[in-house]
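What follows is calculated from the coordinates using simple rules that are stated; it is not laboratory data. Values in this document were obtained by computation on a predicted structure and should not be read as measured data. Virtual Cβ from ideal backbone geometry, glycine too; neighbours counted across all protein chains shown.
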Amino acid sequence: MTRRITIDPITRLEGHGRIEVLLDEQGNAQSAFLQVPELRGFERFCVGRAAEEMPQLTAHVCGVCPAAHHLASARALDALYAATPPAAARRIQALYYNLFLFEDHLLHYWYMGGPDFYAGPRAPAPMRNVLGVIARVGQDLGRRILSVRKEARDLMAAIAGRTVHPVFALPGGISRRLEPETVARVREAAPRLVRFAEDTLESFRAAVLGDREYAAALGSEVFRVRCHSMGMVDGAGRLAFLDGRLRIVDPGGAEVALFEPRDWLDHVAERVEPWTYAKLTFLRQKGWKGFTEGAESGLYRVGPLGRLNAAKAMATNRAEIERQRLFETLGWPAHQTLAFHWARLVEALQAAETVDQLARDPDLSSADVRRVPAPLPGPRQGVGAVEAPRGTLIHDYAADADGVLTRVNLVVASQHNGAAVQISVRKAARGLVRNGRVDDGLLNLLEMAFRAYDPCNACASHALPGELPLVVTIRGPDGAVRDVIRRRVPDDAPAPRSGGEEG
Amino acid sequence: MAHEPRIVAFLCNGCAYQAADRAGQAKLAYPQSLLTVRVMCTGRVEPAFVLQAFREGADGVLVAGCHPGDCHYVDGNLRAAARHAVLSRALEQAGIEPARFRIAWASATEAERFAAEVRALTGAVRALGPLDYRARALDAVEDAIRLAPHRLEAIEERVGAPRAPGKPRVAFWWNASCGGCEEAVIDLGDAFAALVEKVDVVLWPVALDFKRRDVEALPDGGIDVAFVNGAVRLTEQDEWAQLLRRKARVLVAFGACAHTGGVVGLGNLSEPQEILDAAYRAPASISNPDAVLPGQRVRAAGHDLSLPTLLSSALPLGAVVQVDYTIPGCPPSPAVIGAAVDRILSGDLPPAGAVLAPNAPLCGTCPRRDSRPERIEVGALRRLATSALDGTCFLAQGLVCLGPGTRQGCQPGCVEAGMPCRGCFGPLDGVRDGGAAMLSAFASLLAGGEDDVRALAAALPDPAGTFWRYSLAAALVPRRPRKGGPG
C-alpha cells in the first residue's frame with residue numbers, strides 16, 4: 001500500500017504550486033512531483049496582435065521580471081524588423097537591465113535566502129525573516145537592505161516609464177532619451193550599488209561559508225544535480241545578460257554548443273507532462289531521458305549557477321575575483337544547488353559594476369535613441385533572448401507582411417530549470433523521507449531544494465519577511481490522517497486538504 | 001422549421017426610416033422579423049448599440065442611412081461607415097461572421113433597395129444560424145458551476161459574524177495574474193510598512209503562510225477586506241473567488257485583470273482547445289509525440305495527480321462574485337492604491353460598486369494635451385513600429401491612443417514615457433464597454449470619403465486586441481463559440 005504527502009499550496013511560487021511526495025509500502029519516498037497549476041495562454045493570445053505591442057504585452061507574463069520579457073521582446077522585434085538600435089539606445093537598455101538584475105538578485109538573497117542562512121535552519125520561525133536578518137547584520141547594512149530596492153526601482157521607472165510594466169522599448173530603439181537628471185542620479189547611485197553588492201558577498205561568506213552546518217549542506221548529495229549548464233556569453237566567453245551567444249557545457253565543463261539565440265531550436269526542445277502546466281525543456285541532441293542526471297541526460301540548468309558554469313569568466317573585474325573564489329571552493333563546474341545563492345551574488349556584483357561603467361558612458365546622454373525600421377518586406381521571423389534573473393528567456397515570433405504576429409513561442413527560465421527542480425525535490429524527498437518519518441527538518445530541506453532556484457514568483461516576495469510555510473499531512477493507506485507537521489502555521493488551523501486527492 | 005433570424009435595424013430618420021416606411025406601405029416583400037430602431041442619424045449608432053443588440057438576442061444587425069453626400073448632418077453616415085468597418089473586423093476576430101453586421105444606404109424613396117438589403121442580410125444570417133450570444137456568454141460561468149463543486153454552497157446568503165474587534169483583517173489573493181499587483185503593493189515603500197502596521201494580514205500567499213484551510217476555517221465575514229487580483233481563467237480561481245466572497249465583508253477587485261479581465265481576456269478570442277494546442281502541441285520546440293495535454297487526471301507512481309482546468313473563457317472577478325469596489329490599473333499606481341486603501345480602511349466607504357480612481361479621462365493630464373488640435377482628422381494611420389514619433393498628441397499623429405476613454409490615475413504612465421495609452425485603467429463611470437467606446441471614438445476620426453474611411457479601417461491592425469487590450473473579458477463583444485467541451 002502506498003501513502004502520499006501533499007504540500008498544498010506551497011506559497012511564494014508564481015500562481016499556485018503544490019508538492020506531492022509519493023511513498024512506498026515501507027514509507028520511503030518513491031517519487032515526488034512539483035506541480036504548477038497555472039495557464040493563461042500567452043502563446044495563443046499574442047497571435048493576431050501587432051508586433052510592436054509585444055514588449056508591453058509580454059511584460060504581463062510576469063510582474064516580477066517584466067524587464068526581462070520587455071527586452072527579450074525588444075530584441076525579437078529588432079531581429080524581425082532587421083533593425084539595429086543606435087548605441088545610446090543599447091546603452092540605456094543595458095543600464096536599465098543591469099539595474100533590474102541587481103535589485104532582483106540582491107533582494108532575493110536578503111529577503112528569501114538570507115533568513116535561512118542568517119537565522120539557521122533550526123532557528124525559531126519568527127527569527128527567519130528580514131527583520132531577524134537585520135538584527136544579525138546590524139543597523140547600517142540593515143537600513144541599506146531596505147533602501148536599495150527603492151533606489152534601484154525608482155531609477156528603473158525613470159528610465160522605462162513604469163516600475164512594474166515597462167513601456168519604453170520599440171523596434172529599433174526606445175521611446176525617449178534619458179533626462180540629464182536621471183543620468184546624474186545613476187552616476188551618483190552607482191558606486192553605492194557596487195559597495196552594497198560587495199558587502200553582501202562579504203556577509204554571505206561570513207554567514208554561510210563560515211558555518212559548518214551550511215558548508216555541509218552545500219556539499220550534500222541531496223542538494224546536488226549533475227547536469228549540463230546553459231548561459232549567455234559575450235564574444236570573449238564572459239558572462240553576459242544581453243546581446244550574447246548561448247553556451248552549453250556538459251557536467252564536466254566541456255563545451256557542447258555555442259550558438260546564436262536564433263538557432264535555439266537546434267539545441268532546445270520542450271516536453272509536455274500531463275501533471276503540470278509548465279513545459280520542461282531538454283537538450284535536443286541528447287533527447288529526453290527522463291528525470292536523470294549525468295552527461296547522457298538531456299537535462300540542464302540555467303540561472304546564476306548555470307551561467308557561471310557556462311561562462312569562461314565574469315565581464316567585470318571584481319565579479320571575476322568572486323567567481324574564482326566560488327569555483328576554488330566548490331570545484332568547477334559546480335553542481336551544488338545551494339550554490340545558486342552564491343552565484344546570484346557574484347552576478348549582482350557584475351550588474352552593479354556594469355551600471356557603474358554605463359553611468360559614465362557619454363552615449364547615455366545622447367538624444368539619438370531610435371532608428372526607425374522600414375515596414376516588413378514580407379512575412380518575417382525574429383528571435384530575441386536575454387538572461388532573466390532565473391535563466392535564459394527566449395521570445396520567438398513570426399509575423400505577416402503587415403507586422404501582425406502569426407506565431408509566438410516563449411521559453412521562460414523556470415522551464416529550463418523545471419526538470420532539474422523535479423530532481424531536486426525528489427532527491428530531497430528520497431534522502432529524507434524514511435520509514436514514513438517526517439520531521440521539521442524535512443520541511444526545511446524540501447523547501448531549500450527548490451527555493452535556491454528562485455522559482456518565478458518567489459522574487460515577488462522580496463520585500464517581506466520570509467520563510468516558506470509548510471504543512472505536511474501524512475496519510476495512511478486508508479486515507480486517514482496519521483500525522484500533521486506544520487511550520488509557521490498556527491496550531492489551531494486545520495490541516496490543509498490533500499490536493500492530490502480531490503478533483 | 002428553419003430558424004427565423006432576429007434582425008435589429010438602426011435606421012436614420014432622414015432616409016432609411018422613410019424608405020422602410022414606404023416599403024411597408026408598398027407591401028414590398030421583406031422579412032417581418034425586423035425590429036427597427038429609429039435614430040436621428042446613423043452617426044448616432046454607437047458600436048455599443050450594435051453589441052447590445054446582439055447581447056439582447058439579435059442574430060444580425062443592420063445600420064441603414066442616407067447615401068454618402070446626402071447626410072442631413074453633413075457626414076454622420078461616414079462616421080457610421082468607419083465604425084462599421086472597424087467593428088466588423090473586431091467581431092470577426094472574435095469569431096462573429098461579418099455577414100451578421102451590415103451597413104446600407106437607402107434614400108427616402110428607395111423602398112425596394114431597402115427591402116433588398118433586409119432580404120440579403122436575413123438570408124445570410126439564416127444560413128449562418130442563430131448567434132446564440134447567451135450560450136457564448138454563459139459557457140464559462142456554466143463551466144464554473146459544473147466543475148467547481150463548492151460553488152452552490154458559496155452563493156448562499158452571506159450571514160457573517162459580527163465584525164471582530166481589533167485591527168482590520170485583510171486578505172490579498174491572486175488569481176490568473178502576473179504578480180505585478182503584489183509588486184505594486186510592495187512598491188508602496190514606507191506606506192506599505194505603515195499599512196502592514198495598521199492591519200492583520202490573514203492571507204497573502206506571496207509573502208505569508210496562510211493556507212486555503214486557514215481561510216476556510218474563518219467565520220463568514222471574518223475578513224474585513226479582501227483584495228483580489230487576477231482574472232478567473234481556471235476552475236480553482238473561481239473556487240477562491242467564491243471562498244473569499246463568503247469570508248469577506250468587503251471584496252475589492254484589485255488591478256486590471258480582476259477589474260476587466262486584463263490581457264488574460266485576449267484569450268477569449270480563442271477557444272480553450274486552441275490555447276492548449278498553441279502551448280503544448282503547435283510550437284516547433286515541442287516534443288510531444290503522444291500529443292499529451294496537461295489538465296487531465298493522470299496516474300503517477302500509483303497515485304492520481306490532477307490540475308484545475310480552463311474555463312471556456314477568462315472572466316473578470318465581477319462575473320463570478322459580487323465586487324464591492326475596484327482599484328483599476330495594470331498595475332494600480334502607488335497613488336491610487338494608497339488613496340483607495342486609506343479610504344476603505346478608514347470606514348469612509350464610497351458608494352457600492354465604485355471604481356477608486358479619478359473619474360476623468362487621461363487626456364486631461366497628458367503632457368501632450370496642448371498639441372491636440374480642436375478637431376482631429378486621421379487621414380493616414382501610422383504604426384509605432386515603423387514611424388518616427390514626435391512629441392505631439394498621438395491621435396493627431398495617426399496613432400491609436402486610448403487616452404480619451406481611459407480613466408486617470410496611472411501617472412506617470414505610458415504617455416509620460418513617450419508611448420500612447422493602452423487603456424489599462426479602464427473606462428470612466430457609466431461606460432459599459434470602454435473598448436467599444438474607444439473603437440467608436442477612434443473610427444470617428446478617420447477622414448475622407450466612404451472609400452477612404454473603409455481603407456483606413458482595413459489598415460488598422462488588430463482592432464479587437466487594440467481597443468479591448470485590457471477589457472475583452474468584460475466587453476459586450478460576443479465570445480467565440482465553444483465547439484467542444486471545456487479545455
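Amide H of residue A:30: which non-local residues (sequence gap of 5 or more, or other chain) have their own amide H closer than 5 Å, using H built in the peptide plane?
Excluding prolines and chain starts, which carry no amide H, the hits are A:22, A:23, A:24.
Need one word for the protein assembly as shown: rounded, prolate or oblate. Basis is the Cα gyration tensor (sqrt eigenvalues a ≥ b ≥ c); a/c below 1.5 gives rounded, then a/b vs b/c decides.
prolate
Using a Förster distance of 30 angstrom, determine the FRET efficiency expected from the C-beta separation of residue A:206 and residue A:147, and round it to 0.05.
Efficiency for this residue pair is about 0.85.
Amide H to amide H under 5 Å from residue B:421: which residues, 5+ apart in sequence or cross-chain, H placed 1.01 Å off N in plane?
B:402, B:403
When the chain is fully extended, how far beyond the present Cα-Cα distance does residue B:73 get from residue B:213, taking 0.36 nm per residue of separation?
44.0 nm
Report, by chain and number, residues whose modeled amide H sits under 5 Å from the one on residue B:300, excluding near sequence neighbours (fewer than 5 apart, same chain).
HN-HN under 5 Å from residue B:300: B:305.
Would you mind ranking B:103, A:159 by Cβ crowding within 10 Å, fewest neighbours first?
Going from least to most buried by this count: B:103, A:159.
Taking the Cα centre of chain B as origin, work out the dipole magnitude from +1 charges on Lys and Arg Cβ and -1 charges on Asp and Glu Cβ, in debye rounded to 20.
Dipole size: approximately 620 debye.
Of B:325, A:109, how do they rank once you tally other Cβ atoms within 10 Å and put the fewest first?
Starting with the residue having the fewest Cβ neighbours, the order is B:325, A:109.
With 32 Å as the limit, write out which pairs from A:286/B:211; A:427/B:198; A:312/A:427; A:150/B:247; A:150/A:279 have Cα-Cα distances beyond it, or answer none.
Going by Cα-Cα distance, A:286/B:211; A:427/B:198; A:150/B:247; A:150/A:279 fall outside the 32 Å limit.
For peptide B:267-275, compute the average count of partner chain beta-carbon atoms within 10 Å of each residue's beta-carbon.
4
Among DSSP beta bridges whose residues both lie in chain B, state the antiparallel percentage, nearest 5.
Percentage antiparallel, nearest 5: 15.
So what are the ³J(HN,Hα) numbers for the stretch B:13-18, from phi and the Karplus equation (6.51, -1.76, 1.60; θ = phi - 60°), rounded to whole Hz, Gly and Pro as x?
5, x, 10, 5, 5, 5
How do A:332, B:468 rank when sorted from fewest to most other Cβ atoms within 10 Å of their own Cβ?
A:332, B:468
Is it possible to state the helix-based mean residue ellipticity at 222 nm for chain B, with each DSSP H run of 4+ residues giving -39500 (n - 2.57), the sum divided by total residues, to the nearest 500 deg cm²/dmol? What is it?
-9500 deg cm²/dmol
Using alpha-carbon pairs under 8 Å, 6+ residues apart, how would you state the relative contact order of the stretch B:420-484 in percent?
Taking the mean separation of contacting Cα pairs over the length of the stretch B:420-484, I get 46 percent.
Each residue of the stretch B:287-295 in turn: what ³J(HN,Hα) in whole Hz from Karplus with 6.51, -1.76, 1.60 and θ = phi - 60°, glycine and Pro shown as x?
So the Karplus estimates, Gly and Pro as x, are 10, 9, x, 8, 6, 5, 10, x, x Hz.
Residue A:286: net charge of surrounding residues, Cβ under 15 Å, Lys/Arg +1, Asp/Glu -1, itself excluded?
With Lys, Arg at +1 and Asp, Glu at -1, the neighbours total -1.
How much of the DSSP bridge set in the protein assembly as shown is antiparallel, in percent, rounded to the nearest 5?
Among the beta bridges of the protein assembly as shown, antiparallel pairing accounts for roughly 60 percent.
Output wanted: per-residue J couplings in Hz (rounded whole) for the stretch A:413-423, from phi through Karplus 6.51 cos²θ - 1.76 cosθ + 1.60, θ = phi - 60°, x for Gly and Pro.
4, 5, 5, 4, 8, x, 5, 5, 4, 4, 4
Could you work out the relative contact order of chain B, using alpha carbon pairs under 8 angstrom and six or more residues apart, expressed as a whole percent?
18 percent
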